[in-house]
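One structure is given below, encoded as structure tokens.
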Amino acid sequence: MAADDISVQHVPHVPPVSVNGNSLVQSDERTPLLRNQNENDVSAEESPLINNDEEQIIIVEEVKGFKLWLILFTCWIGVFLGAIDSTIIATLSAPISSEFRSLSLLSWLATAYFISNAACQPISGRLTDIFGRGPGLVFSNIFFALGNLICGLAQDQSGMIFGRVVAGIGGGGLMSISTFLGTDLVPLRNRGVIQGIGNICYGAGAMLGGVFGGIVNDNSSWGWRLAFLIQVPLVLVSACLVAYLVRIPPKVSEKSYLARIDFTGVLSLIVFLVLLLLGLNAGGNLVPWIHPLPLTTLPLSLVAFVAFILWESRAKQPIIPVRLLLDRTVFTACMTNLLGMMVNMMALFYVPLYMQSRGSSSTDSGVVILFAPIGISICSIGSGLIMRKTGRYGIFAVLLQVASVVILTTLDEDSPGWHLMIAFLLLGSGQGGMLTITLLACLAAVDHSHQAVVTSATYAFRSVGGTVGVTIASTIYQNVLKTELWGRFGDLPGAAEEIHRIRDDLDELKHLPDGWYDGVIASFMEAFRSVWLTMLGLVLLELVCISLMKQHKLHSTLSRSERE
């Protein structure tokens, strides 16, 4: 089959239209998108125009076999490299900052990528509905390659940060649009398996990012620059394959492309996410919470959010239809993503800190964390297979996360390492299953025309959840640790200076004054226990949310026909 030899079917978004004499009806949860999947095969050029603001949805004929896997594999190259880029800074930030002689660059290297990545994911659904998945993926690949090229050739810290922003824009599109494409080509009944494989690609990339960066930096005369430059040709090859293979027609409308873009919605959503994530990442990390940066950005983000909700509730063609969140399944699935990512990011940041406070090395912490991607791989595919077999989605994944957090709440200074390995295996298993299950639940709950935008919404909730989780954990940890240390040692001479050093540098545990060690370790354990208990409360809320999702039919055809 040629790359563009895909039969398409047109489904009206609103009132019925006639295609070759056959009436097609507006679909909902009770009405199939097409009366007969084989009656209305026409080319995109033959589609009837529709009036005013209405758009016509085009459903491609299901692609199977080698061509389907080739298209998906091409997309997963970008997912894998985007995941690598999100964690590659873990081992490269120190040599990069040393070369540019700027320790302040350390935090911005990760923050710049993360914020631009998170800001672009939610708007990619609507934009690729208008311009097409193929052009969207090509654009994302080119931006990702350009960003890495800028980083690899950067001569100062401003150029480096700019490169990370550009790469983040491309990386956000690579992640989200690949998910949309899978939904366009694969029926919901089989969609879980495909999403599971995509999750494995992301998990493998995120797991290998730091290792890859360290190996390249240590064994190349080009140092850390090669770690960025080596990705450029791979991404460009992926862009060429996408341009040739992906032929998913966009929605059809009489209006021009630009007239269909909700610029106010795009701007308000980006401003909200950038201000929120910048404030949360900066507060307590780059600057104190009382610094003007978080004190300004966080209130302004609330203003932008209110403006976004008010505008989108009235917009004719919104970026993310706010009314979708009023659906019980969509809302609870999004909240499950928010809470689940909070829990996972809190564990990812504070379990290694717990281990290092007991004297473990960074390598030991890395070995423990490796059990999470193993769990993600198993349960991402496993949950997809279960849904394909039964046609139903359940809450079992979150139960695994609950079990993981319960193990964490039992930890003390003498807990064996294998407890943590089991905890991370369960945590990764729960995360992999949860992400697959909630995505399928959202897709099954909405009309075909909203599949991309509802997927974008879940990505937005994930991004915000990860940042909020780390922020909450940091606040609890620092406040409890400070209170415990002052309660035990506040009356001793020089306590203020010593407590400050202990809170800022774990190496200080090796140089404590006589008689301090047991009390300091007990203080650390109390601080970590407070984080674990907070995680327990969040994961129980997550369990409540996922249990409230309604069961919707996982159709076996792209048309969601009743005759399957």
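No value in this document is a laboratory result; all are computed from the given coordinates. Bear in mind that the values here come from a model prediction, so they are computed numbers and not experimental data. Glycine also receives a Cβ, built like all others from the backbone with ideal geometry; neighbour counts cover every protein chain displayed.
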*Determine, at each q value in 0.14, 0.17, 0.21, 0.22 (inverse angstroms), the log₁₀ of I(q)/I(0) that the Debye formula gives when each Cα of the stretch 263-314 is one equal point scatterer.*
-0.36, -0.49, -0.65, -0.69
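Using the membrane-span-like helix rule (whole DSSP H runs, Cα extent along the own axis of at least 27 Å, mean Kyte-Doolittle hydropathy at least 0.5), which helices of the chain qualify?
In the chain, the long hydrophobic H runs are 65-87, 105-131, 133-153, 157-185, 263-282, 292-312, 328-357, 371-390, 417-445, 517-547.
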*Could you list which residues have their amide H under 5 Å from that of GLY283, counting only those 5 or more apart in sequence or on another chain, with H placed in the peptide plane?*
none
*Identify, among PRO373, LEU338, GLY279, the residue whose Cα sits farthest towards the positive end of the charge dipole of the stretch 271-424, taking +1 on the Cβ of Lys and Arg and -1 on the Cβ of Asp and Glu, with the dipole about the Cα centre.*
LEU338
*Using only alpha carbon pairs under 8 Å that are at least six residues apart, calculate the relative contact order of the stretch 403-533 and give it in whole percent.*
31 percent
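Compute the length gained on full extension between TYR244 and ARG328: take 0.36 nm times their separation in residues and subtract their Cα-Cα distance, giving the result in nm to one decimal. If you can, show how the numbers build up before the last one.
Values: separation 84, 0.36 × 84 = 30.24 nm, distance 3.94 nm.
Here the answer is 26.3 nm.
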*asked:* Based on the alpha-carbon set only, what is the convex hull volume of the stretch 301-425 divided per residue, in Å³?
replied: 156 Å³
*So what is the relative contact order for the chain, in percent, with contacts set as C-alpha pairs under 8 Å and at least six apart?*
20 percent
*Where does the Debye-calculated log10 I(q)/I(0) of the stretch 330-564 sit at q = 0.10, 0.11 Å⁻¹, using only Cα point scatterers of equal weight, no solvent?*
-0.53, -0.61
*Just from the alpha-carbon atoms, what are the Rg and Dmax of the chain in angstroms?*
24.6, 90
*Using 7 Å Cα-to-Cβ label points, what is the SER221/LYS389 separation (nm, one decimal)?*
5.6 nm
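Under the Kirkwood approximation for Rh and a Cα-based Rg, what ratio Rg/Rh is obtained for the stretch 222-349?
We get a ratio of 1.06 for the stretch 222-349.
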*Spin-label point model (7 Å from Cα, Cβ direction): what's the GLN478 to LYS255 distance in nm?*
4.5 nm
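Give the residue list of chymotrypsin sites (Phe, Trp or Tyr not before Pro) in the stretch 115-224 that are DSSP loop and have at most 14 other beta-carbon atoms within 10 angstrom.
TRP222
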_Given N residues in the stretch 434-527, what is its alpha carbon radius of gyration divided by 2.2 N^0.38 Å?_
1.80
